[in-house]
Structure formats: structure tokens, C-alpha cells
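So the structure is just underneath, and the comments pick up after that.
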Amino acid sequence: MTVPLVDLKAQYNSIKEEVDEAISRVIHSGQFILGSEVKAFEEEVAAYLGVKYAVGVASGTDALQLGLLACDIKPGDEVITTPFTFIATAEAITQCGATPVFVDIDPGTYNIDPQKLAGLLEKKLSHRSRITHHSSPVRAILPVHLYGQPADMDPILELAKEYNLKVIEDCAQSLGALYYSNQSPITNHSSPITHHASRAGSLGDVACLSFFPSKVLGAYGDGGMVVTNDSKLAEKVMMLRNHGCKQKYYHLVPGFNSRLDSLQAAILRVKLRHLDKWLELRRQKASLYARLLEPVDDIEPPYVAPYSQHVFNYYTIRLRNSRITRNELQEQLHAEGIATAIYYPLSLHLQEVYKSLGYKIGDFPNSERAQEEVLSLPIYPELTEEQIENIVAAVKRFVSSD
Ligand SMILES: *Cc1c(COP(=O)(O)O)cnc(C)c1O
């Protein structure tokens, strides 16, 4: 048995005619940079998320950096985020000249822990302003919706309001996920977005999407998007992605060449039409996995918080005091032809690149424990029940002590 982590070819085969038509349409149009495909895709994503504006950019990483720059994050500023994420989250902060400040994760959801965030803000902001009478350099919170599950946004948004901070959502892994709020945010009325359910990515000041091929909505190359309800922020990102100009050859700010490719936009428009069906299939696969893994003592299936509808970009289990280590399990599964992945094996505060920030082992115990214990199993809409049964059988064989 061989099972890949994702099967992009199976997905292509299921939509081949639509995709081929879209690609050919763009090539015949001769419009490869921005233009009507990108504009149409931006409008479709904005409508899907229930936000006012969407701006296509070259990657999810660029979406984060341009989103941060649009929020006016500058050298000397601090942005609070999680250490248990892909490097791009913190890298975007660093590339703005700002400093990432980490807060540990909740061990159940793997997302930033709002209570710990409150503790840090309390310490940093009140203490600093008391002693120095200067304002704090903390400017923003960057929650990541890891694996396809939204971070607990209500308390995060409340803290942001209290301390006057921007919120930039890293939605790279969770396009389509829902957050059920205790509050009643004003959202649009198209189902399934209701008075208390919002899409991940519609809650902060800006949110950043990635269309990296292995994401729930993947391009055939790189792509990303910044979404927001704020017309000024959208306008800034539109300038930044295109050399800092509104009008060609008249440059207002130092910008970038970071546009979403028209070919990718046309392909993604096709895929967006299938997204809800694919997300439902992912959830079905996840519940089958959970049912089969529930009785296995040493395995913790993903915890789905009551405030979220998960999209399972990754199906990530945790090994608890099992007979073999996570790395051994990965090797054994690999030998059986089952591909798995570790998202992520080294927390960001322990990375060489952030040595100068002065963090040390023990600073974020939940993140450090997760990096040793998590393992992502294959999940994609085309994965069969039989494949899942075989994967679980293999996992059981290796972890159970008999
Ligand atoms: C994929 C990813 C990114 C970066 O997206 P790219 O499109 O690869 O640049 C950022 N943050 C998280 C959490 C991601 O998973």
C-alpha cells in the first residue's frame, strides 16, 4: 500500500476539463498579469469569506508581509504570535523590520493561548508604561489558525481592542473554516455565515491566505491573498503588490512585485467552486479517522473546539507516552508506504534565525512538547475509506504495546 500525503493528480483528474478550459482561456486572452481573472477571483473570495476586499498577491508569505506593512508595522515594533507555526508567520514580521514576540499555544488546539496572551499584554504594556511613561512597541497580534482550525478569536479581539492593537490573521491553513462567536459580529447574510458564525479570515483587521499547492485551495504554483473590510488597508496592499503605484509609472511608496498570477487566478476560480464539497469530504475523512483512532490509548486525535468548524488542511495526531517515539512511528509508516509529515519539528523561538531574540528551551513548554509529539497523516478529498482503515491499522500495529 502506498498513500501520499496529498494527491494533487487525483484532484486534477476530477476537474480536468474545467481547469484546462480556464488555462486555455487565459493563454488566448494574452492577459497574464492582473486583469479580469484576478479581479473576478478576488471578488469571489471576498464573497465566500463575507469580507469587503480581497487583493491577490504572489504567495501567502507575501500576503503576511504586505498585510503587516499595510497595518503600518515598522522597524522597532513588536508583533505577538505563536512559536508553533510555519516560519513564514514570523519571517513576515522580521522582514518588516519588526520583532516577533511569542506566546505559548493551547495544548488542545495548538493555537495561541488567549489567557497567556492576556498575561503577556498585562505584563508588557502596563509595566512598561508605568515605569517609562512611554508607549509600548507592541503593535499587533498575529494569530495562526493552525491545521485548519480557527484560533479562539473572541478573547483575542477583545484584548486587541483593550490595548489598541491590530489583528492580522494567518489563514494560510484554514480557508473555509468557521468561527462561532459569542458576540454577534456584523457579517453578511449568505449561508453558512450567520449572525454568530464567521469565516476564519473575516474577523481581524486583515487576514492572509495562501494558495500553496498543498493548502485546501491550492494553485499550480505559488499564490496568496490579503483580505480585509477596511478600504484603506486594501488600497495600501494594492499599491504595495504593484511597485507602490496606483497609476502606472507614478510611484507613491516603496513597493514590491508581488501579484497573483492570472493563470493561477483562473485555476483557483475553478477550484473555489468545488471548495465546500472538498472541505466536507475532508471533514468526513477526519471523523472516520477519529472514530477508528478513539480506542487507541497512545494516540490523541485532533481536538475540535466548540467554537470552530475545522477544515482539516492537515490531520494531525499526537502520540502520548507510546511504546515508540513519534519519529519511529513516522519511519515505520514510511516503510509501509504511508507518507506523513511533521508540522512543525522545531518551534520558532528555538530556531537559529531567532537566536538573537534570546529565547531558550523551556520558554514555551506546550509548543516544545507538540514539536516532539505531533504527526500529520494523509488527508485529502479523494482519500478512500479503505486507505484510512489501512493507515489506522498500521498505526495501531506500531504503537500498541499488546
Ligand atoms: C503555507 C503557510 C504560509 C505561507 O504561505 P506560502 O504561500 O507558502 O508563502 C504561512 N503561514 C502558514 C501557517 C502556512 O501554513
message: Out of the residues in segment 165-181 meeting the condition of being more than 15 Å from the ligand (Cβ to nearest atom) and more than 18 Å from Phe312 (Cβ to Cβ), tell me which one is surrounded by the most Cβ atoms within 10 Å (Cβ to Cβ).
response: Leu165
message: Please go through (1) of a type in the set (Gly, Ala, Ser); (2) within 19 Å of Thr109 (Cα to Cα); (3) modelled with pLDDT under 95 for Ala305 and return the number of the only condition it doesn't satisfy.
response: (3)
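Count, please, the residues in segment 17-35 that happen to be of a type in the set (S, T, N, Q) and part of a helix (DSSP H, G or I). Please lay out each step first, then the result.
So in segment 17-35, the residues of a type in the set (S, T, N, Q) come out as 24, 29, 31.
Add one more test, that the residue is part of a helix (DSSP H, G or I), and what stays is 24, 29.
Qualifying residue count for the region: 2.
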- line: By residue number, the members of segment 98-130 that are modelled with pLDDT under 95 and either within 16 Å of the ligand (Cβ to nearest atom) or buried (at least 24 other Cβ atoms within 10 Å of the Cβ) (or both) are none
field: Residue tally, condition open to solvent by 10 Å² or more (accessible area, probe 1.4 Å), within 27 Å of Ile93 (Cβ to Cβ) and either modelled with pLDDT under 95 or within 14 Å of the ligand (Cβ to nearest atom) (or both), over segment 182-203
entry: 1
The one condition in (1) touching a residue at least 24 places away in the same chain (Cβ under 8 Å); (2) closer than 19 Å to Leu34 by Cβ; (3) hydroxyl-bearing (Ser, Thr, Tyr) that Tyr289 fails to fulfil: (2)
- prompt: Between residues in segment 171-182 that are on the phi > 0 side of the Ramachandran plot and residues that are at pLDDT 95 or above and within 16 Å of the ligand (Cβ to nearest atom), which pairs lie under 6 Å by C-beta distance while being six or more apart or on different chains?
  reply: Gly176/Val311
- prompt: Out of (1) surrounded by 17 or more Cβ atoms within 10 Å (Cβ to Cβ); (2) under 19 Å from Asn313 (Cα atoms); (3) away from the ligand (no atom under 16 Å from the Cβ), the odd one out for Lys277 is which?
  reply: (1)
query: Got a number for residues in segment 36-57 being outside any strand (DSSP E or B), in contact (Cβ under 8 Å) with a residue 24 or more places away in the chain and open to solvent by 30 Å² or more (accessible area, probe 1.4 Å)?
result: 4
- request: For segment 9-16, indicate whether the set of residues that are within 16 Å of the ligand (Cβ to nearest atom), not assigned by TED's automatic domain parsing to the domain that holds His310 and not in a loop (DSSP other than H, G, I, E, B) is non-empty.
  value: no
Among (1) crowded, with 16+ Cβ neighbours inside 10 Å; (2) part of a helix (DSSP H, G or I) - the single one Ala393 does not satisfy: (1)
message: I need the full set of residues from segment 345-363 which are touching a residue at least 40 places away in the same chain (Cβ under 8 Å), open to solvent by 30 Å² or more (accessible area, probe 1.4 Å) and in a loop (DSSP other than H, G, I, E, B), in order please.
response: Gln351, Tyr359, Asp363
- request: Could you please find all residues in segment 64-97 being surrounded by fewer than 24 Cβ atoms within 10 Å (Cβ to Cβ) and near the ligand (Cβ under 9 Å from one of its atoms)?
  value: Phe86, Ile87, Ala88, Glu91
query: When segment 58-101 is examined, which residues are found to be in a strand (DSSP E or B) and more than 14 Å from the chain's Cα centre (by Cα)?
result: Glu78, Val79, Ile80, Thr99, Pro100, Val101
- prompt: Taking the condition open to solvent by 10 Å² or more (accessible area, probe 1.4 Å), within 12 Å of the ligand (Cβ to nearest atom), among the hydroxyl-bearing types (Ser, Thr, Tyr) and at pLDDT 95 or above, does Ser214 pass?
  reply: yes
query: Restricting segment 300-328 to residues that are more than 22 Å from Asp7 (Cα to Cα) and hydrophobic (A, V, I, L, M, F, W, C), which is most open to solvent (accessible area, probe 1.4 Å)?
result: Val304
field: Residue satisfying all of: in segment 13-25; out of contact with any Phe, Trp or Tyr (no Cβ under 7 Å at 6 or more places or on another chain) and under 19 Å from Asp261 (Cα atoms); surrounded by the most Cβ atoms within 10 Å (Cβ to Cβ) among these
entry: Ala22
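The values are calculated or read from the model by the stated rules, or taken from the named source; none is laboratory data. Bear in mind the structure is a predicted one, so any value in this text is a computation, not a measurement. Neighbour counts are summed over all protein chains in view; Cβ atoms, including those assigned to glycine, are modelled from backbone coordinates with ideal geometry. Just the protein is used for accessible areas: all its heavy atoms, side chains included, with ligands, DNA and RNA removed. Shrake-Rupley method; radii C 1.70, N 1.55, O 1.52, S 1.80 Å.
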